[in-house]
Every structure is written in C-alpha cells, then in structure tokens.
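> Got a structure for you, written out below as structure tokens; questions coming shortly.
The values are calculated or read from the model by the stated rules, or taken from the named source; none is laboratory data. Because the structure is a prediction, the values reported are computed rather than measured. All Cβ positions, even for glycine, are placed from backbone atoms using ideal geometry, and neighbour counts span all protein chains on display. We work out accessible area using only protein heavy atoms, side chains counted, and drop any ligands, DNA or RNA first. Shrake-Rupley method; radii C 1.70, N 1.55, O 1.52, S 1.80 Å.
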Amino acid sequence: MEIQGSSVAQAQRWSWGRVANGMAGLLLLLGGVAVQPAVAGGATEAMKITIDEVLTIVRDKELKQPGREEERRRRLEQVVGDRFDYEEMSRRSLGAPWNTLSDKDKQEFVALFKTLLTNSYADKIETYSGEGVQYINERTEKDYAEVRTKVLSGKTEIPLDYRLLNKGTDWRVYDVVVDGVSLVNNYRGQFSKILRSSNYADLVDQLRKKSEKIKAS
C-alpha cells in the first residue's frame, strides 16, 4: 500500500506562486548539510546521494565562473532529474485525466510540468549556500518509502518529507511534503479547478505561459 499523509484540502488552497516557492524551497534544501546520521535504509541512502551531488555542484567554485552558468544549471537539473520522477509526478498531479491522454500528449504534459518546476527553482538553487538537514526516519511499505527530514535554518525548523517509489534498482521521488503540504496534491487541486472551468488545452496553455513567465522574471 502506498504511504499517504498530508491534507488535500489545505494543499488545494495554495496559489501558483506559493507552489512555485515551495518547490524552489524543497530543491534548495537538497543542498543541505546533514547534521545527524541518516537512518539506515535504501530510500534514505538514495536521497543522501542526491543531496551530496547537489551540494558538490553548488559549492564548485569553477562552475561559478563567468560563462559556465548554463553548464552549472544543466548539471543541477541532471542530478535532480535523476532522482525526481517527473512522469510519475505529472501523472499523479493531473489525476484521472492522465489516462485519457495519448502517448504524445503525455510526453508534452511531462515536458511542460518539468519545465515549470525547473524554472521555478533553478535560479534560487544556484545561489544557495547550504543549510542544516536533520534526517528523522524512514518508513517503507512494499515498494513505497517516505524519508522524513527537518530543515534547520537559524531558529526555524521546516518538516520536509520525500515520498519515493522503488522502480527496479533505484528509488525515485514522486512527491514532496513541505510542512505538511503535498506538492502533488497541491498541483492536482489547481489542475482540477482549471479543468472544471475550462478544458485540457487551456490547462496546457496556462502551464506553458506560467513557465515562460517564471523563466523571464
């Protein structure tokens, strides 16, 4: 059985901007420094690998040199993309309408959703200097796992949980819960609202425009 948790109602009240900031924040935190040994487990170790790789890129002085911005961003997106399953996140965020899409439409939606997320966090993660991350515990149930962490920023502690699915030989993130709010549920609420008042073509158009607006800002 899949691990469940956060409040759908609360998630659906978030705005586009709040979601973007939340995604940016959770990915910034991948560059954190572990202040407590991780609880043993495959999913936790998988997250530690990604965290260490992001931290290495963020702190690489050579990649901060002028003219290497695109290379730096490309490497960060590669590392995050290797751990985050954008297709699974897209499927869960869109919900039932996903099953009505053609393979071509699914590929387009995943590409747009990935672009929206990466444009939301790219600039912020590149300037991140690192905070403390405390690994709390790991819950597993069959092929599902949840790695619970707590981000330490000054006197503030932010609960941050990663939900992962075991796909063959690796653990892939399909949802992130920031302070009790699920990223996937958040987007699903917004996508459902658009689809109820309009149609899928309008949703795709809004995704495209929102991503371009974030990239241009």
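> Given the residues Glu69, Glu77, Glu53, which is the only one that is modelled with pLDDT under 90, touching a Ser or Thr at 6+ places or on another chain (Cβ under 6 Å) and either surrounded by 13 or more Cβ atoms within 10 Å (Cβ to Cβ) or at negative phi (or both)?
Working: Glu69 fails: touching a Ser or Thr at 6+ places or on another chain (Cβ under 6 Å); Glu53 fails: touching a Ser or Thr at 6+ places or on another chain (Cβ under 6 Å).
The unique qualifying residue is Glu77.
> Mind checking which pairs have a first residue in the stretch 146-165 that is within 15 Å of Thr44 (Cβ to Cβ) and a second that is open to solvent by less than 50 Å² (accessible area, probe 1.4 Å) and basic (Lys, Arg), Cβ under 8 Å, 6 or more apart or different chains?
Correct list of pairs: Glu146/Arg163.
> Look through Asp143, Asp179 and report the one residue that is touching a Leu at 6+ places or on another chain (Cβ under 7 Å) and surrounded by fewer than 17 Cβ atoms within 10 Å (Cβ to Cβ).
Working: Asp179 fails: touching a Leu at 6+ places or on another chain (Cβ under 7 Å).
After ruling out the rest, the residue left standing is Asp143.
> Just checking, which of Ser120, Ser93 is at pLDDT 85 or above and among the small types (Gly, Ala, Ser)?
Values: Ser120 fails: at pLDDT 85 or above.
Exactly one of Ser120, Ser93 is at pLDDT 85 or above and among the small types (Gly, Ala, Ser), namely Ser93.
> Going by the conditions given, is Val184 at pLDDT below 95, under 30 Å from Arg139 (Cα atoms) and not in a strand (DSSP E or B)? Explain how you work it out, then say what you get.
On the way: at pLDDT below 95: yes; under 30 Å from Arg139 (Cα atoms): yes; not in a strand (DSSP E or B): yes.
When the stated conditions are applied, Val184 passes them.
> Mind checking which pairs have a first residue in the stretch 103-120 that is more than 12 Å from Glu77 (Cα to Cα) and part of a helix (DSSP H, G or I) and a second that is of a type outside the set (A, V, I, L, M, F, W, C) and at pLDDT below 90, Cβ under 7 Å, 6 or more apart or different chains?
Short answer, once both residue conditions are applied: Leu112/Arg208; Leu112/Ser211; Leu116/Lys210; Leu116/Ser211.
> Additional query: Take the residues in the stretch 146-174 that are open to solvent by 20 Å² or more (accessible area, probe 1.4 Å) and of a type in the set (Lys, Arg), then tell me which one is nearest to Ile49 (Cα to Cα). Break it down into steps so the answer makes sense when it comes.
Our first condition is that a residue be open to solvent by 20 Å² or more (accessible area, probe 1.4 Å); within the stretch 146-174, this holds for 148, 150, 152-159, 161, 165-172.
Checking which are of a type in the set (Lys, Arg) leaves us with 148, 150, 155, 167, 172.
Working: Arg148: 16, Lys150: 17, Lys155: 27, Lys167: 17, Arg172: 12 Å.
Among them, the one singled out is Arg172.
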